[in-house]
Amino acid sequence: MKPLYTLLAIGTTLSSFAQQGVLTSNEMPPVGTSVTYRTASNLNVVDTTAGANVTWNMAGFLPTTQTPWSLEYMAPTSSPHPTAFPASNYCQYESVIPRYNYYNLSSSSMEKVGSWATSINTYTDGQVELVFPLQLGTTNNDTWDNTNSSFGGTYNITCIGSGTLNLPMGTFSDALLVRVNVFEIFTVMQYQWYDATNGAVLLAYVPGDGLFVPAGAAYMVNVAIGIEELSQPLELRVHGVANDELLVSYASAAPIGVSVRSYTGQLVRSTQWPASPSPSTRSLGTADLASGVYILQIHGKDGSQQVQRFVKP
């Protein structure tokens, strides 16, 4: 598949059928995604309340003077060290370190198999950092060991909360709070808020232990998602909104997923349309949508998509 363009948005997803409060493996950030973060200077606003339907209000975060940094998602073959980690099919670059992290992403888990900062680090016992589907109550306890460690350790996660997260750049109504405990000689605790619609880490917070680990937090300020062109033949035309209906003509040799998102990334429609070898026109109701700009996403079975914007008068 060849790149079509990059969509700049907050909270945009490539999943066709996102379920509220549930993160699946095919909703993880796709290759080409870049997420930008700022570190926070006022950790007193952090709220780690557990439970369902929680509202975490951290819109009052103030950035430090540290330069913004990013997490970039790529295919291992696009990284500098593709042959060092043959079990990897997913790679993440942390610009703040800098470091490349290599994973085996499957339908059931995301397992770290190696990393490269200044030298190769191979996991002889993979570190499972996420299990799917991830939702309130999900827990996983895992051991790990790698060539840079003398002892190995454990990596334990528990999804302790779901609800709405308010950050300086906007509100995310489908967030999951995960508590992480990593042990190697001593334990490091971290809280991570994930966007359940696209797998992006919205906020990471380390409370620190007052001795070995300093407290700190980093929150998302932007996400740029790489869009891939549909590999299956597709004709698409968006006619616009008329009489509270969005009219779309398409021709496709295979069924397609259809979703509508607000310009800030919130899912408002999700359905599937059948294959249609010859052009046909279908409609999506917009009566309950506020006036504004929306994003229509057409998804292929291969995980790629096409995107068009439309305006609800």
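The values are calculated or read from the model by the stated rules, or taken from the named source; none is laboratory data. Here the structure is a predicted model, which means the values were calculated and not measured. Virtual Cβ from ideal backbone geometry, glycine too; neighbours counted across all protein chains shown. Remember, those area values only see protein heavy atoms, side chains included, never the ligands or the DNA or RNA. Shrake-Rupley method; radii C 1.70, N 1.55, O 1.52, S 1.80 Å.
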- Item | Full-stretch length increase - Ile185, Ser119 - with 0.36 nm per residue and alpha-carbon distance subtracted | 21.5 nm
- Item | Potential lengthening between His239 and Ala251 on full extension [0.36 nm per residue; Cα-Cα distance subtracted] | 2.9 nm
- Relative contact order (%) - criterion: Cα under 8 Å, at least six apart; region: the stretch 33-112: 24 percent
- Note on the structure: For the stretch 80-93, Karplus-derived ³J(HN,Hα) couplings (6.51, -1.76, 1.60; θ = phi - 60°; whole Hz; x for glycine and proline) come out as x, 10, x, 8, 6, 10, x, 7, 8, 10, 8, 9, 10, 10
- Query: Which whole-Hz couplings ³J(HN,Hα) result when phi for each residue of the stretch 97-110 is put into the Karplus expression 6.51 cos²θ - 1.76 cosθ + 1.60, θ = phi - 60°, listed in order with x for Gly and Pro?
  - Reply: 8, x, 7, 9, 10, 10, 10, 10, 9, 10, 5, 10, 6, 10
- Item | Under 16 Å from the Ser283 label point (7 Å along Cα→beta-carbon), backbone N, the stretch 238-264 | 238-250
- So which residue, out of Thr286, Thr65, Thr139, gets the largest mean-square fluctuation from a GNM of the chain using Cα contacts under 10 Å as springs? Thr65
- Stretchable slack from Trp69 to Val213, in nm (0.36 nm times residue separation minus alpha-carbon distance): 49.8 nm
- Note on the structure: Interchain or sequence-distant (5+) residues whose placed amide H lies within less than 5 Å of the amide H of Gly152 are Asn146
- First compute the accessible area of the chain with a 1.4 Å probe, then give the percent of it belonging to carbon and sulfur atoms. 52 percent
- Message: Per residue, how much accessible surface does the stretch 69-202 expose to a 1.4 Å probe? Answer in Å², no decimals.
- Response: 40 Å²
- Item | Residues Thr154 and Val46, FRET efficiency given R0 of 25 Å [Cβ-Cβ distance, rounded to 0.05] | 0.50
- Query: For the chain, what's the relative contact order in percent, using C-alpha pairs closer than 8 Å and at least 6 residues apart?
  - Reply: 20 percent
